[in-house]
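What follows is one structure encoded as structure tokens, with my remarks underneath.
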Amino acid sequence: MCSAVIPMDYDSPACRSVLHRIGSARPFVYGLTNYVAATLSANVLLAAGAAPAIGAAPGWASGFGAMRGRCGSTRRD
């Protein structure tokens, strides 16, 4: 979890480094957002290399742990 917001733009070396790490790790990310921003949020996460699941209720993410190992992977090993 991020402890601080660091302003940067896309062309900064720090931003490129973060995007590279996300693309390499291909993390599963649960995005807690509203339905208006859901599509944009999912598309930004996909473009960065993450595997998003977007929802509008805090409790929804608790069920994902039970599915671990039963779903396909997004990794390209």
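The values are calculated or read from the model by the stated rules, or taken from the named source; none is laboratory data. Just so you know, these numbers come straight off a predicted model, no measurement behind them. Quick reminder, even Gly has a Cβ in these numbers, built from the backbone with ideal geometry, and neighbours come from all protein chains shown. Protein only, heavy atoms only, side chains kept; ligands, DNA and RNA dropped before computing areas. Shrake-Rupley method; radii C 1.70, N 1.55, O 1.52, S 1.80 Å.
Within the range 1-45, the set of residues being closer than 26 Å to Pro58 by Cβ and touching a helix residue (DSSP H, G or I) at 6+ places or on another chain (Cβ under 8 Å) comprises Ile6, Ile22, Phe28, Val29, Tyr30, Gly31, Leu32, Thr33. Residue check: is Ala47 within 13 Å of the chain's Cα centre (by Cα) and over 22 Å from Ile6 (Cβ atoms)? Judged against the criteria, Ala47 is not a match.
Just give me the residues in the range 1-36 being open to solvent by less than 90 Å² (accessible area, probe 1.4 Å), within 20 Å of Phe64 (Cβ to Cβ) and part of a loop (DSSP other than H, G, I, E, B), in sequence order. Matches in the range 1-36: Arg26, Pro27, Thr33, Asn34.
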